[in-house]
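To start, the structure itself, in structure tokens.
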């Protein structure tokens, strides 16, 4: 891409709230959509999340067999591969093989299930331990557990309409 100066570097884009581009209603907060001045969205989706693991083979077994996620790709001979949830790819990666230090994630991945209690019972029968009781937030049910590397995961089902707020 060549910039205006011909240096090969694209000029910086400035992003503004949609309302400043001619929208009739303006909310500039965490729920507002930001687009470039040309009218295009900078980010259009999430391609994958990386989950650090200490033993790729053991983690693959957990995500594939225990959770039942579809395996989609191995990173050559490296200890890394991808599993599909249906709406998000979880990329398992053994960080040491890539020159990084292992640290468990501190951010949970919420996995959508149709029936939280049934899914929880199925995983408990496979030896998965949950962190406390199932949570009812007033709009969704959540059951929190961890993979074998202490990465937090959540079984999740939103039963209320998207417009509903926890209360």
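The values are calculated or read from the model by the stated rules, or taken from the named source; none is laboratory data. These figures come from a predicted structure and were not determined experimentally. Cβ: placed from backbone, ideal geometry, glycine included. Neighbour counts: every protein chain shown.
Structural remarks
- Answer from 106, 89, 85, 50 - the residue that is within 15 Å of the chain's Cα centre (by Cα) and loosely packed, with under 14 Cβ neighbours inside 10 Å: 106
- Restricting attention to the range 53-66, the residues being without any contact (Cβ under 8 Å) to a residue 60 or more places away in the chain and either touching a strand residue (DSSP E or B) at 6+ places or on another chain (Cβ under 7 Å) or more than 18 Å from residue 111 (Cβ to Cβ) (or both) number 4.
- Residues within the range 87-100 that are out of contact with any helix residue (DSSP H, G or I) (no Cβ under 9 Å at 6 or more places or on another chain) and assigned to a loop (DSSP other than H, G, I, E, B), tallied: 4
- Any chance residue 60 is at pLDDT 95 or above, in the same structural domain as residue 148 (by TED's automatic domain parsing), assigned to a loop (DSSP other than H, G, I, E, B) and under 16 Å from residue 147 (Cα atoms): no
- Filter pass, residue 133 being surrounded by fewer than 18 Cβ atoms within 10 Å (Cβ to Cβ) and within 27 Å of residue 55 (Cβ to Cβ): no
- Looking only at residues of the range 67-86 that are part of a loop (DSSP other than H, G, I, E, B) and in contact with a strand residue (DSSP E or B) (Cβ under 7 Å, 6 or more places away or on another chain), we find that the one that is farthest from residue 57 (Cα to Cα) is 85.
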